[in-house]
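K.L.:
My structure is below; once you've seen it, I'll send some questions.
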Amino acid sequence: MNLSNIKRFWISFVLAIPMLIQMSAMPFHWMMPGYNWIAFITTTIIMAISAAPYWSSAWAAFKHHNANMNTLVAVGTSVAYFYSIFAMFTGREVYFESAAFVTVFVLLGDAMEEKMHNNASNALAKLIDLQAKDAEVERNGKFVKVPLEQVKVGDIIRVKPGEKVPVDGVIVHGSSTLDESMVTGESMPVTKKKGDDVVGSTINTNGTFTFKATKVGSDTMLSQIVDLVKKAQTSHAPIQNLTDKISNIFVPAVLIIAIITFVLWYVFLGATAVNAMLFAVSVVVIACPCALGLATPTALMVGTARSAKMGVLIKNGEVLEEVSDIDTVVFDKTGTITVGKPQVTDVVGDQNKVLTIAASLENNSEHPLATAVVKKANENNISLANVKNFAAIEGKGVKANYGDQEAFVGSERLLEDISISREMKDQAAKLQKEAKTVVYVGLGKEIIGLIAIQDVPKPSSKAAIAELKKRGLKTVMLTGDNENVAQAISEEIGIDQVIAGVLPTEKAAEIKKLQNSGRTVAFVGDGINDAPALSTANVGIAMGSGTDIAIESGGIVLVQNDLMGVVRALDISKKTFNRIKLNLFWALIYNTIGIPIAAGLFMGLGLTLSPELAGLAMAFSSVSVVTSSLLLNKTKIAGTTA
Amino acid sequence: MGISQIITLVVAILLIGFILWWFFGKHQEAVGTAAVEQGSQEANIVVKGGYSPSTIVLKQGVPAKVNFDMKDSTACLSHVVFEQLGVNKDLTKQKVTTIDIPTDKKGTYNFACGMDMFHGKVIVK
């Protein structure tokens with residue numbers, strides 16, 4: 001018979017009502033006429049409809065040398081039921097109600113747990129539902145609506161006000177304000193114009209624009225997010241190894257405890273066989289390890305889905321567990337603490353000459369500072385010269401032949417074998433104190449000028465650092481920049497410690513050093529050269545605007561390029577992990593207290609559990625664990641409203 | 001101590017011994033292989049009180065499907081979770097649930113029920 005658990009529950013419940021009436025009438029010494037027969041018939045139906053599936057599943061498991069919660073339910077109900085039949089025909093007292101009520105309560109637990117489990121996994125389904133169903137694509141010069149699956153990379157797509165952006169792409173025409181909250185968690189709409197990236201499933205609010213599709217199908221950001229969340233939800237937290245170990249031996253152990261309970265009462269304490277049996281059955285029923293098994297997966301599921309909604313993607317349960325030990329957060333400077341779009345603020349020396357040489361060389365480089373220099377040259381209408389033998393000097397700068405001399409542009413690490421005038425040196429120090437990065441421009445063996453470049457901190461950086469400090473975390477900034485510049489920025493946003501002048505390849509080593517000094521480190525970064533540091537750190541937090549390799553190496557990915565995300569990531573991870581611990585503690589306590597009570601250990605205090613009460617307690621424990629996990633949806637996280 | 005008590009004690013000890021041997025002793029587990037035909041392979045797992053067989057061996061490089069045939073109506077085995085693949089499927093929605101297994105590289109994919117009480121694995125070699 002294919003009935004859902006909830007239907008089975010209602011049928012069984014209605015059938016159990018006569019026994020309920022008899023139970024409550026018991027204290028008044030009233031006996032229902034023909035009670036034994038009524039109980040026998042209704043219980044038999046309940047067993048056939050509701051308990052039989054547990055019996056058959058338990059039997060199949062038994063043949064596999066497996067025992068599980070079904071084994072306990074099956075043993076408990078069948079012992080009570082078959083004993084009662086025997087008792088009925090030999091004129092003894094019957095216990096049909098025990099078998100019936102245990103079944104009813106177990107079913108109630110199962111049905112409620114199923115419902116809540118569905119609620120918990122719903123969040124993910126909602127994410128997938130965000131996707132637009134169709135798109136207006138240009139075909140033969142006209143815009144036509146096509147289903148989402150037919151959109152290809154390179155298609156030109158039009159989006160009208162109020163519509164969803166169907167896939168990821170770059171705006172080619174028009175501008176608009178977009179609501180990206182579903183992907184980034186940021187509630188403020190963002191203005192986008194030609195050349196800006198748009199993300200699939202975000203909502204276009206006021207303007208019409210056309211964009212070129214760059215990512216479709218499973219490559220889109222939303223699909224990637226859904227994929228990450230799915231993996232996280234099914235992942236293991238190391239703390240679960242404990243429950244795995246327990247669950248392997250738990251059920252057989254409970255069966256043995258039940259037998260011992262029976263023997264102790266019957267053989268050594270002189271109880272009647274019937275009472276000893278009732279104690280044993282109670283032990284079997286209350287011990288169902290459901291709550292233990294549900295504790296971690298349900299909390300993981302709710303926690304990771306909630307964080308995804310806030311733009312924080314947690315890769316797995318292991319990361320969650322690591323976060324709770326973090327005491328130091330290390331930030332990369334450029335692009336993480338700062339905006340990552342440096343601008344030239346001062347040029348020292350012959351303006352034209354310095355910029356011409358610098359820009360001509362830097363035009364071949366992809367370094368963010370190089371982009372700033374070239375941009376400045378363009379603004380000043382400086383025409384660039386061709387250079388020969390261009391070469392990058394790892395971590396220091398670039399050099400090339402300019403005319404018949406060797407020219408170079410780079411940091412002060414280049415200065416080792418080059419002479420520099422005292423005046424230049426003073427100028428450089430002054431600029432650095434203003435939090436500006438100084439680039440030296442040289443020709444031949446001489447420094448001919450300086451270019452000061454500034455990269456301002458993101459507006460949210462200061463607040464985020466303050467929040468982290470409030471949580472007792474030490475904040476560290478790691479940068480390849482000069483000490484003076486780094487100090488100036490760190491003072492501005494309130495960072496505890498600065499490690500400056502670090503070569504890109506040394507970042508991971510610096511993290512290692514901190515770890516060796518006994519610290520548990522989270523590293524926040526975004527660049528290709530951050531990948532080793534992200535993997536070395538106990539927890540790697542990658543900025544979503546970063547490169548794919550950085551995202552691959554991080555344990556947590558922030559969709560939004562904002563340091564408040566770090567605070568949120570740490571908050572939600574800690575809360576989820578604490579919830580897992582609470583759940584496990586609760587589930588374990590439940591069994592460690594429940595089993596002795598059921599075994600009749602506290603009978604002297606008048607505290608006993610009949611099998612049907614044990615069944616109710618068991619159902620309640622699973623439901624309470626799932627409820628506790630669902631409550632994670634309501635906890636307060638920095639920067640969000642419930 | 002009466003005769004019935006002594007019998008009970010003996011039976012109880014025997015029963016405990018049996019439980020220990022049956023659940024913790026070493027027992028051979030069945031291993032299933034997939035049927036390969038026309039460039040694809042398929043394996044079936046019956047879900048009833050566990051997974052039979054609980055170990056499936058697949059060939060590397062041939063697209064593979066594993067079918068879970070749900071024959072258990074209790075909540076215990078209602079979901080199957082492949083942790084490494086990020087798959088969490090409800091088996092009760094349809095009779096047979098098919099899951100695609102990537103076979104591009106060798107390895108083992110573990111699967112378990114939603115509460116991590118029952119385990120099985122798919123080996124690609």
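The values are calculated or read from the model by the stated rules, or taken from the named source; none is laboratory data. What you see is a predicted model; the values in this text were computed from it and never measured. So basically every Cβ, Gly included, is an ideal-geometry build from the backbone, and we count neighbours across all protein chains shown. Side chains are part of the model used for accessible areas, which takes the heavy atoms of the whole protein and leaves out ligands, DNA and RNA. Shrake-Rupley method; radii C 1.70, N 1.55, O 1.52, S 1.80 Å.
K.L.:
Total accessible area buried between chains A and B, 1.4 Å probe, in Å² to the nearest 100?
P.N.:
3700 Å²
K.L.:
Continuing with this model, one more query. Excluding A:A87 itself, calculate the net charge of residues whose Cβ lies under 13 Å from the Cβ of A:A87, where each Lys or Arg counts +1 and each Asp or Glu counts -1.
P.N.:
-1
K.L.:
Let me ask another. Compute the accessible area per residue over the stretch A:480-612, keeping the other protein chains in place, probe 1.4 Å, unit Å².
P.N.:
Computed with neighbouring chains in place, this is 40 Å² per residue.
K.L.:
Going by the alpha-carbon gyration tensor, a ≥ b ≥ c the square roots of its eigenvalues, is the stretch A:277-325 rounded (a/c under 1.5) or, if a/c is not under 1.5, prolate (a/b greater than b/c) versus oblate?
P.N.:
Since a/c reaches 1.5 and a/b is larger than b/c, the shape of the stretch A:277-325 is classed as prolate.
K.L.:
Which of A:K634/B:K95; A:K433/A:K469; A:K63/B:K59; A:K341/A:K399 have a Cα-Cα distance over 32 Å?
P.N.:
Going by Cα-Cα distance, A:K634/B:K95 fall outside the 32 Å limit.
K.L.:
Another question, then. Give the relative contact order (percent, whole number) for the stretch A:55-100; include only Cα pairs under 8 Å separated by 6+ residues.
P.N.:
Over the stretch A:55-100, the number comes to 30 percent.
K.L.:
Could you go through the stretch A:314-320 in sequence order and give the Karplus-derived ³J(HN,Hα) for each residue, using 6.51 cos²θ - 1.76 cosθ + 1.60 with θ = phi - 60°, rounded to whole Hz, and x for Gly and Pro?
P.N.:
Whole-Hz 3J(HN,Hα) from phi for the stretch A:314-320: 9, 6, 7, x, 4, 4, 3.
K.L.:
Here's something else I'd like to know. Rounded to the nearest 10 degrees, what's the angle between the helix A:35-46 long axis and the longest principal axis of chain A, both from Cα atoms, 0 to 90?
P.N.:
The angle comes out at about 30 degrees.
K.L.:
Continuing with the same structure: Hey, got a sec? Which trypsin sites (Lys or Arg not before Pro) in the stretch A:403-493 land in a DSSP loop and have at most 10 other Cβ atoms within 10 Å?
P.N.:
Those satisfying the criteria are A:K445.
K.L.:
If you keep only loop residues by DSSP, which trypsin sites (Lys or Arg not before Pro) in the stretch A:203-260 have at most 13 other Cβ atoms within 10 Å of their Cβ?
P.N.:
Hits after loop and neighbour filter: nothing returned.
K.L.:
May I ask for the equivalent-ellipsoid semi-axes of the stretch A:432-493, computed as the square root of five times each C-alpha gyration tensor eigenvalue and listed largest first in whole Å?
P.N.:
32, 11, 7
K.L.:
Also: Keeping all protein chains in place, calculate the accessible area per residue for the stretch A:1-90 (probe 1.4 angstrom), answer in Å².
P.N.:
On a per-residue basis, 50 Å².
K.L.:
Whose amide H sits under 5 Å from the amide H of B:K121, counting only residues 5 or more places off or on another chain, with H placed in the peptide plane?
P.N.:
B:T55, B:I56, B:F111
K.L.:
Continuing with this model, one more query. Excluding residues fewer than 8 places away in the same chain, name every one of the aspartates and glutamates whose C-alpha is closer than 14 Å to that of B:K48.
P.N.:
Hits, sequence-local ones excluded: B:D69, B:D72.
K.L.:
Looking at the square roots a ≥ b ≥ c of the eigenvalues of the Cα gyration tensor of the stretch A:129-237, which shape do they give, rounded for a/c under 1.5, prolate if a/b is larger than b/c, or oblate?
P.N.:
Oblate.
K.L.:
Using only the alpha-carbon atoms, what does the stretch A:208-343 span along each of its principal axes? Please give whole angstrom values in decreasing order.
P.N.:
Principal extents (largest minus smallest coordinate, Cα): 90, 38, 21 Å.
K.L.:
What Kirkwood Rh does chain A have if only Cα atoms enter the pairwise 1/r average? Answer in Å.
P.N.:
29.5 Å
K.L.:
Next question, about the same structure. What average count of beta carbons from other chains do you get within 10 Å of the Cβ of residues in A:44-53?
P.N.:
Per residue, the average neighbour count from other chains is 1.
K.L.:
Need one value for B:102-112: mean number of C-beta atoms belonging to other chains within 10 Å of its residues' C-beta atoms.
P.N.:
Shielding by partners across B:102-112 averages 1.
K.L.:
Apply the Karplus parameterisation 6.51 cos²θ - 1.76 cosθ + 1.60, with θ equal to phi minus 60°, to every residue of the stretch A:9-25 and state each ³J(HN,Hα) to the nearest whole Hz, in sequence, with x for glycine and proline.
P.N.:
4, 5, 4, 5, 4, 4, 5, 7, 4, x, 5, 5, 4, 4, 4, 6, 8
K.L.:
For the stretch A:311-349 and the stretch A:1-32, write down the distance between their C-alpha centroids in whole Å.
P.N.:
Each part's Cα centre sits 61 Å from the other's.
K.L.:
Something else now. How large a share of the accessible area of the protein assembly as shown, in percent, is made up of carbon and sulfur atoms when the probe is 1.4 Å and the other protein chains stay in place?
P.N.:
After summing per-atom areas, the C and S share lands at 58 percent.
K.L.:
What is the antiparallel percent of DSSP beta bridges lying wholly in the protein assembly as shown, to the nearest 5?
P.N.:
Antiparallel: roughly 70 percent of the beta bridges in the protein assembly as shown.
K.L.:
Oh, and also: Can you pull out the GluC sites (Glu not before Pro) in the stretch A:359-456 whose DSSP state is coil and whose Cβ has at most 15 other Cβ atoms within 10 Å?
P.N.:
A:E366, A:E394, A:E434
K.L.:
For A:252-264, what's the mean count of beta carbons from other chains sitting within 10 Å of each residue's beta carbon?
P.N.:
Whole-number average of other-chain Cβ neighbours for A:252-264 is 3.
K.L.:
Given a cut-off of 18 Å, name the pairs among A:K333/A:K507; A:K581/B:K89; A:K458/A:K636; A:K145/A:K194; A:K215/B:K105; B:K71/B:K93 whose C-alpha atoms lie farther apart than that in the structure shown.
P.N.:
Long pairs (Cα-Cα over 18 Å): A:K581/B:K89; A:K458/A:K636; A:K145/A:K194; A:K215/B:K105.
K.L.:
Let me ask you something else. Summing +1 for each Lys or Arg and -1 for each Asp or Glu, what net charge is found among the other residues whose Cβ lies under 15 Å from the Cβ of A:T338?
P.N.:
Charge balance in the 15 Å sphere: -4.
K.L.:
Compute the acute angle (0 to 90°) between the alpha-carbon long axis of helix B:3-24 and the principal axis of greatest extent of the alpha-carbon atoms of chain B; round to the nearest 10°.
P.N.:
Tilt of helix B:3-24: around 20 degrees.
K.L.:
Hey, another quick one. Send over a whole-number figure in Å² for the accessible area per residue of the stretch B:3-92, probe 1.4 Å.
P.N.:
Result: 52 Å² per residue.
K.L.:
Relative contact order for chain A using alpha-carbon pairs under 8 Å, separation at least 6, rounded to a whole percent?
P.N.:
This gives 15 percent for chain A.
K.L.:
Let me ask something else. I'd like the orientation of helix A:351-362 relative to chain A: the angle between its Cα long axis and the longest Cα principal axis, in ° from 0 to 90, rounded to 10.
P.N.:
50 degrees
K.L.:
Per residue and in cubic angstrom, what volume does the convex hull of the Cα atoms of the stretch B:46-125 have?
P.N.:
75 Å³
K.L.:
Please work out the ratio of the alpha-carbon Rg of the stretch A:471-576 to 2.2 N^0.38 Å and round it to two decimals.
P.N.:
1.03
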